[in-house]
2 protein chains.
Amino acid sequence: MTRPTPISGFPEWLPSQRMVEQFVVDHIRRTFELYGFAPLETRAVEPLDQLLRKGETSKEVYVLRRLQATEGETDEDALGLHFDLTVPFARFVLESAGKLTFPFRRYQIQKVWRGERPQEGRYREFLQADIDIVDRDTLPPHYEAEIPLVIGDALGSLPIPRIRIQVNNRKVCEGFYRGLGLTDPEAALRAVDKLDKIGPEKVAALLMETAGADDKQAAACLSLAGISAPDASVADRVRALGVTHPLLDEGLEELVRVVETAAEHAPGLCVADLRIARGLDYYTGTVYETQMIGYEKFGSICSGGRYDNLATAGNDRFPGVGISIGVTRILGLLFGAGALSASRSVPTAVLVALPTEERRAECDRIAAALRRRGIATEVAPSAAKYGKQIRFAERRGIPFVWFPGAGGEADTVKDIRSGDQVEADASAWDPPEADLRSVVLQGPDQQSQ
Amino acid sequence: MTRPTPISGFPEWLPSQRMVEQFVVDHIRRTFELYGFAPLETRAVEPLDQLLRKGETSKEVYVLRRLQATEGETDEDALGLHFDLTVPFARFVLESAGKLTFPFRRYQIQKVWRGERPQEGRYREFLQADIDIVDRDTLPPHYEAEIPLVIGDALGSLPIPRIRIQVNNRKVCEGFYRGLGLTDPEAALRAVDKLDKIGPEKVAALLMETAGADDKQAAACLSLAGISAPDASVADRVRALGVTHPLLDEGLEELVRVVETAAEHAPGLCVADLRIARGLDYYTGTVYETQMIGYEKFGSICSGGRYDNLATAGNDRFPGVGISIGVTRILGLLFGAGALSASRSVPTAVLVALPTEERRAECDRIAAALRRRGIATEVAPSAAKYGKQIRFAERRGIPFVWFPGAGGEADTVKDIRSGDQVEADASAWDPPEADLRSVVLQGPDQQSQ
């Protein structure tokens with residue numbers, strides 16, 4: 001074999017980084033469970049026609065074929081890798097509705113794939129952590145207010161930069177555009193969505209070109225997009241623009257509920273920001289994006305919204321609201337900045353030194369006694385000189401080396417950081433709580449891999 | 001959308017089953033970490049030419065193409081989904097050797113894909129939990145004895161049927177065949193590997209046809225395959241067949257070490273069984289298969305072995321030994337038999353009842369106080385009659401309903417199984433430890449989903 005090389009867009013973490021990722025994912029999962037979200041995993045593949053329902057993303061899909069596919073297999077059977085977890089979840093709900101109880105709250109933490117051209121900060125394979133709540137026929141708006149609180153809890157207590165969730169509501173935009181007299185609010189939304197990329201002048205031009213706006217209407221759309229407030233005052237500022245429409249009122253009421261609920265339970269977490277639109281077209285109400293403070297220019301690290309029509313078949317309709325944490329994106333940014341690392345590169349807390357190969361069974365019994373009490377333990381690979389065995393531990397960040405006693409003497413255990421060495425009994429000794437597991441730290445790696 | 005239907009070979013568990021799967025995976029992972037294995041995830045894809053190095057499995061590979069692939073992309077760039085975790089691990093070790101410390105112990109718990117024709121008990125997507133130990137240049141044989149002990153710990157304390165690990169050594173077979181005078185030991189191994197499927201007579205015919213064996217040699221091969229023992233007596237029984245070869249001696253020594261180590265640390269776990277061969281051709285020494293007692297006819301649920309030449313590039317050589325737990329296979333068998341289930345279908349321990357919609361903020365504060373102390377809590381979806389709210393909890397298996405006090409009265413919490421209701425303070429009350437989380441049980445589901 002020639003030496004293999006990485007594949008662009010398919011990140012792989014070293015074990016110490018994977019330990020950080022597991023710590024982050026475990027914490028997110030525990031938070032989701034505290035809010036009563038049940039776990040789900042869906043298969044990695046969906047029928048291609050399902051994935052292509054939203055034409056916009058069709059270019060990003062990876063299609064599968066069996067290397068030895070036979071004649072009988074047609075394109076109708078074609079499968080593609082899922083590009084998000086919302087479309088598969090909606091499909092699962094429709095397929096399994098008879099076996100679920102509604103409202104149904106689930107979380108789903110899985111890899112997704114997008115066949116994009118590789119470029120800076122774009123991954124082709126990445127990990128997402130999603131929550132969604134769906135109900136049959138109707139979904140009360142208080143769930144749209146709950147979602148940001150869950151995310152605030154999940155990300156707020158991790159050793160990562162502070163986050164700010166930006167909230168908007170599609171009904172506010174659509175109601176406002178209709179109130180202005182624009183007849184193609186989707187085109188207007190698409191134009192305003194490009195604000196960060198192309199700036200206000202080009203958006204104004206686009207509004208006139210694609211959404212049939214005149215100068216004044218385009219200016220009003222930009223004024224709306226410029227509004228941002230952490231509380232109910234957002235509604236006053238929109239109304240001050242002098243546009244009225246029933247859908248606008250409905251949207252503002254929902255938007256105010258989200259930011260006011262957040263202001264009560266998690267002050268500083270949410271802000272209403274009327275430029276947030278979300279590219280995907282299945283959202284019908286509240287939409288969320290999330291900035292990591294200090295990393296704003298890299299875009300949203302957690303996005304979602306309410307979708308009323310995604311899980312619909314015949315007379316069955318399951319409106320939902322959800323959000324997706326971009327785990328790989330967050331970790332990629334923080335690893336890249338040297339802002340997150342693990343205190344050691346292995347789970348091991350204790351290395352049992354091996355005096356002679358003949359005493360391996362005895363060392364295995366010491367290790368077994370420590371493991372029985374939850375202490376991660378390895379036995380040294382060979383009966384090398386003790387100095388070499390201690391270096392084995394040092395290189396991996398293992399804090400303790402255990403020395404089996406000879407000829408009736410007691411065992412001893414040495415903290416190789418301080419040099420302290422004490423007599424110890426494997427059935428009773430415990431390391432300090434802080435040394436039991438690798439700890440996740442803000443800052444770069446202290447350890448070789 | 002028309003109602004979607006399942007795709008053959010791509011299993012999806014309901015949330016209560018996924019909770020069981022998580023419990024099993026968490027337990028396996030914790031055990032792996034207790035033995036000092038560091039976590040790793042590799043990307044889902046490998047270059048197709050890497051996956052096809054072993055011609056035997058080429059038919060099982062799923063190949064990817066981007067839906068909007070452009071002219072520039074050639075077959076050289078073709079990617080396939082990995083069909084196991086050993087080949088990607090070997091590739092990772094070669095690619096990242098400079099950043100790893102050896103011996104390197106890692107675990108890896110991920111989905112793999114095989115484009116097989118769908119049939120009973122064959123999955124196209126399934127979850128594997130692997131451990132491997134690789135070292136640079138040479139790998140001491142004690143690691144081959146350690147692997148079954150880890151698996152015994154990982155699977156032995158789960159609420160699943162007892163397991164038995166069957167061990168063999170390729171060197172025993174090859175040395176024996178060579179000692180017999182057969183010149184194509186691989187052909188002989190492939191023939192004997194079919195013993196369970198086609199029976200001894202057809203294997204004898206195959207040995208004569210493909211491995212150049214005469215009557216007597218074929219009979220000797222079958223005698224060897226018939227030997228099984230839980231201890232060092234396996235070597236005596238092999239030697240009693242009167243065949244000698246240096247490689248046979250080497251293999252027997254290694255084999256005896258594995259079963260004797262297991263007999264000392266985990267009596268009853270391992271048995272030497274000389275019919276075990278493993279189809280994949282990269283194993284060079286010890287091989288493992290595992291039966292789940294009562295489910296023997298479904299084949300091995302955990303297999304692996306030693307490979308000396310898988311991770312080799314130029315002068316770099318990383319011999320390894322590893323094993324893979326078939327998590328989906330185990331769960332599929334046990335779910336199918338109604339032998340494993342969760343005590344409830346949600347993580348939630350407490351439902352906070354909602355007296356009126358106006359009091360939702362107060363109920364959210366109660367829920368937040370409970371969650372802060374690790375108690376999974378939901379607030380009722382609507383201010384329905386209390387009877388209906390209690391049924392909401394019942395249907396999900398949520399054991400406690402919390403009633404906010406009115407007009408200065410204390411809150412109360414009710415165990416809806418016993419009907420016991422007591423005054424409680426959300427900042428101090430705890431459920432019994434056994435009710436804090438869903439519990440995994442032997443036996444069928446007690447609960448609707």
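Given the peptides A:266-272, A:174-180, arrange them by the average over their residues of other C-beta atoms within 10 Å, most packed first.
Sorting A:266-272, A:174-180 by mean packing, highest first, produces A:174-180, A:266-272.
Assigning unit charges at the beta carbon (Lys, Arg +1; Asp, Glu -1) and nothing else, what dipole magnitude in debye, to the nearest 20, does the protein assembly as shown show about its Cα centre?
Using only the charged Cβ atoms, the result is roughly 120 debye.
Each peptide in B:243-250, B:2-9, B:424-431 was scored by the mean count of other Cβ atoms within 10 Å over its residues; highest first, the order is B:243-250, B:424-431, B:2-9. Summary of packing: across the peptides A:368-374, B:90-96, B:26-32, the per-residue average of other C-beta atoms within 10 Å ranks them, highest first, as B:90-96, B:26-32, A:368-374.
Sort B:335, B:318 by Cβ crowding within 10 Å, fewest neighbours at the top. Could the numbers behind the result be given before it?
On the way: B:335 19, B:318 25.
The order, fewest Cβ neighbours first, is B:335, B:318.
What is the local net charge at residue A:245, summed over the other residues whose Cβ is closer than 10 Å to its Cβ (Lys, Arg +1; Asp, Glu -1)? That works out to -1. Checking the cross-link pairs A:111/A:297; A:194/A:216; A:297/B:99 against a 29 Å limit on the alpha carbon distance flags A:297/B:99 as lying beyond it. Between 0 and 90 degrees, the angle of helix B:86-96 with respect to the longest Cα principal axis of chain B falls at about 90 degrees.
Remark: mean inter-chain Cβ contacts per residue of A:304-315 equal 1, using a 10 Å Cβ-Cβ cutoff to other protein chain atoms. Rounded to the nearest whole Hz, the Karplus-based 3J(HN,Hα) values (6.51 cos²θ - 1.76 cosθ + 1.60, θ = phi - 60°) of segment A:183-200 follow the sequence 9, 10, x, 5, 5, 5, 4, 4, 5, 5, 4, 8, 3, 5, 7, 10, x, x, with x at glycine and proline.
Over all alpha-carbon pairs in chain B, figure out the percentage whose distance exceeds 27 Å.
Values: 63327 of 100576 pairs.
Tail of P(r) above 27 Å: 63 percent of Cα pairs.
For chain A, the longest principal axis of the C-alpha atoms and the axis of helix A:215-225 are separated by about 30°. Taken residue by residue and averaged, Cβ atoms of other chains lying within 10 Å of the Cβ of B:29-35 number 6. As a length-normalised measure over Cα pairs under 8 Å and 6 or more apart, the relative contact order of chain A settles at 16 percent.
Tell me the relative contact order for segment B:346-441 as a rounded percent, counting alpha carbon contacts under 8 Å between residues six or more apart.
On the way: 150 pairs, mean separation 30.3, N = 96.
Computed value for segment B:346-441: 32 percent relative contact order.
The long axis of helix B:360-372 is offset from the longest Cα principal axis of chain B by roughly 40 degrees. If R0 is taken as 45 Å, the Cβ-Cβ distance between residue A:296 and residue A:253 corresponds to a FRET efficiency of 0.95. Each 10 Å bin, from zero up to the one with the longest distance, holds this percent of the alpha carbon pairs of the protein assembly as shown: 2, 11, 19, 23, 20, 13, 7, 3, 1, 0, 0.
Can you work out the FRET efficiency for the pair residue A:183 and residue B:356, with r the C-beta to C-beta distance and R0 = 45 Å, to the nearest 0.05? Could you put the intermediate results ahead of the total?
Numbers: r = 42 Å, r/R0 = 0.93.
That gives a FRET efficiency of 0.60.
Considering every residue in A:138-144, what mean count of other chain Cβ atoms within 10 Å of its Cβ is obtained?
On the way: counts 0, 1, 4, 0, 8, 1, 0.
For peptide A:138-144, the averaged partner shielding equals 2.
With the label put 7 angstrom out from Cα along the Cα-to-Cβ vector, residue A:361 ends up 7.1 nm from the copy partners, going from closest to farthest.
Each reported figure results from applying straightforward, stated rules to the coordinates on display, with no laboratory input. Just so we're clear, the structure is a prediction, and the values are computed from it rather than from any experiment. No Cβ is skipped: glycine too gets one built from the backbone with ideal geometry, and neighbour counts run over all protein chains shown.
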